[in-house]
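Following: one structure in structure tokens, then a few remarks.
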Amino acid sequence: MAERVLVTGGAGFIGSHTCVELLAAGWDVTVIDDLSNSSPEALRRVQELAGRELRFVEGDVLDEAALKQAFDEHGCSAVIHFAAKKMVGESCSDPLGYYRTNVGGTLSLLTAMRRHDVRRLVFSSSATVYGDPAPGACPLAESAPLRPSNPYGHTKLCVERLLRDLAASEDGWQILSLRYFNPAGAHPSGRIGEAPRGVPENLLPSLMQAAVGRLPQLRVFGTDYPTRDGTAIRDYLHVVDVATGHLRALDRLPEVEGCTEYNLGTGRGVTVFEVLEAVRRASGRELSTVVEGRRPGDATAVWADPSLAEQDLAWKAERSLDDICVDAWRWQSANPEGYGS
Ligand code: UD1
């Protein structure tokens with residue numbers, strides 16, 4: 001019989017792409033999601049793409065009854081935990097909300113896991129835990145200094161530490177935290193993709209909305225960085241590569257002892273202007289830009305050393321920046337309003 005995995009936040013951007021890959025690989029899937037930043041339409045399309053059904057519990061991870069239902073009635077044997085708030089700006093104005101959902105939600109999930117004797121977990125962390133690396137520090141290995149620079153980043157590091165403390169406190173926990181660099185793109189079918197509510201904060205969704213005419217132009221935050229063209233450098237990786245990273249991690253869990261962290265990145269850094277050019281090529285649209293000052297708290301350059309994940313998880317990002325932009329454009333042009341209201 002297939003094993004069942006519980007995916008918290010499974011209707012979201014990375015969650016939905018991961019569910020497609022899980023179902024395709026033969027896992028049974030239960031999603032718990034409160035739909036606060038996602039749509040049930042995403043889950044409908046996940047099932048259509050995979051040609052299989054998943055089970056859905058509407059609720060958040062602070063909801064004990066919803067978690068009990070997932071573990072008792074559905075019999076999940078492992079968990080992938082995506083459910084979290086993820087906007088840096090909002091985290092500065094609402095730290096209580098961010099700690100409640102991201103840290104409190106994880107506490108609630110771990111308590112339920114222990115109660116149901118489920119100790120296998122893949123946690124959705126972020127390269128935000130590295131903060132603004134010192135000049136010359138990239139590519140960043142997992143051993144690089146951890147110094148997040150905003151409340152969102154603090155909650156991710158706080159959960160990483162909580163997971164380590166828990167795994168050290170009692171035998172049996174098998175936990176992998178995955179530090180994503182900049183997930184972007186969409187499923188190659190164009191049926192699921194990133195659908196942020198309100199004005200997007202991140203670069204790829206902002207570019208896509210400018211290309212499709214929902215935003216008048218791209219605001220370029222800073223052209224005075226000490227980089228090859230003056231704009232900041234990041235490591236963008238295709239969301240389907242992120243999804244397969246979770247599959248590899250899940251496959252690996254039975255051999256894990258305690259808790260370990262892995263980077264998921266490509267190992268290549270590109271500038272804002274290089275991404276802009278790739279989106280122009282993919283969309284065929286002339287995008288207008290306006291140069292603004294640096295966004296407070298932004299790092300100059302952040303890219304991964306992904307070799308540990310390759311060595312231990314047999315995972316490597318396979319898709320290029322052009323793949324990211326072509327797939328993101330297929331999704332955005334076919335679904336200019338995302339999943340609709
Ligand atoms: C941001 C978050 C990070 C989070 C990640 C998720 C900050 C400081 N960090 O990272 O915690 O984990 O998203 O993917 O917000 N840019 C523009 N114009 C735009 C949008 C972005 O020029 O309209 C630039 C930014 O200044 C940055 C680059 O594009 O240099 C990437 O920005 P973004 O997509 O927000 O990612 P990060 O800043 O890496």
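Just for the stretch 69-122: of the residues that are aromatic (Phe, Trp, Tyr) and away from the ligand (no atom under 14 Å from the Cβ), which one is most open to solvent (accessible area, probe 1.4 Å)?
Residues of the stretch 69-122 that are aromatic (Phe, Trp, Tyr), as a first pass: 71, 82, 98-99.
Those left that are additionally away from the ligand (no atom under 14 Å from the Cβ): 71, 99.
Working: PHE71: 12, TYR99: 89 Å².
Out of the qualifying residues, it is TYR99.
Taking the stretch 207-219, which residues are surrounded by fewer than 21 Cβ atoms within 10 Å (Cβ to Cβ), within 11 Å of the ligand (Cβ to nearest atom) and not charged (D, E, K, R)? Passing the criteria: GLN209, LEU215, GLN217. When we screen ARG164, ARG197, ARG191 for residues that are open to solvent by 40 Å² or more (accessible area, probe 1.4 Å) and at pLDDT below 95, the only hit is ARG197.
Here ILE233 clears all of (1) among the aliphatic types (A, V, I, L, M); (2) more than 14 Å from the ligand (Cβ to nearest atom); (3) surrounded by fewer than 22 Cβ atoms within 10 Å (Cβ to Cβ) except the condition numbered (2). Looking across the stretch 247-267, the residues that are of a type in the set (D, E, K, R) and either under 10 Å from TRP315 (Cβ atoms) or over 17 Å from the mean Cα position of the chain (by Cα) (or both) come down to ARG248, ASP251, ARG252, GLU255, GLU257. Name the pairs whose Cβ atoms lie under 6 Å apart, with the first residue in the stretch 291-311 and within 29 Å of ALA243 (Cα to Cα), the second hydroxyl-bearing (Ser, Thr, Tyr), and 6 or more positions between them or separate chains? These pairs meet every condition: GLY297/SER149; THR300/TYR225; LEU308/TYR262; ALA309/TYR262. Of all residues in the stretch 21-73, those satisfying the criterion of being in contact with a His (Cβ under 8 Å, 6 or more places away or on another chain), part of a helix (DSSP H, G or I) and within 16 Å of ALA2 (Cβ to Cβ) are GLU21, LEU22. Looking at the stretch 259-282, is at least one residue acidic (Asp, Glu), under 25 Å from TRP27 (Cα atoms), out of contact with any Leu (no Cβ under 9 Å at 6 or more places or on another chain) and not in a helix (DSSP H, G or I)? Checked the stretch 259-282: no residue is acidic (Asp, Glu), under 25 Å from TRP27 (Cα atoms), out of contact with any Leu (no Cβ under 9 Å at 6 or more places or on another chain) and not in a helix (DSSP H, G or I). For the stretch 236-258, the set of residues classified as within 15 Å of the ligand (Cβ to nearest atom) and open to solvent by 10 Å² or more (accessible area, probe 1.4 Å) consists of TYR236 only. Answer yes or no as to whether THR155 is within 11 Å of the ligand (Cβ to nearest atom) and within 28 Å of SER16 (Cα to Cα). When the stated conditions are applied, THR155 passes them.
Yes/no per residue for (1) of a type outside the set (Asp, Glu); (2) open to solvent by 70 Å² or more (accessible area, probe 1.4 Å); (3) modelled with pLDDT of 95 or more; (4) more than 17 Å from VAL242 (Cβ to Cβ):
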| residue | (1), (2), (3), (4) |
| --- | --- |
| LEU22 | yes, no, yes, no |
| ALA42 | yes, no, yes, no |
| GLU48 | no, yes, yes, yes |
| GLY51 | yes, no, yes, yes |
| LEU54 | yes, no, yes, yes |
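Taken together, the residues in the stretch 294-313 that are open to solvent by 50 Å² or more (accessible area, probe 1.4 Å), within 16 Å of the ligand (Cβ to nearest atom) and at negative phi amount to 4.
The values are calculated or read from the model by the stated rules, or taken from the named source; none is laboratory data. Predicted, not measured: the structure shown is a model, and the values here were computed from it. Positions of Cβ are generated from backbone atoms using ideal geometry, with glycine treated the same way; all protein chains shown enter the neighbour counts. Accessible surface is based on the protein model in full, side chains and every heavy atom, while ligands, DNA and RNA are left aside. Shrake-Rupley method; radii C 1.70, N 1.55, O 1.52, S 1.80 Å.
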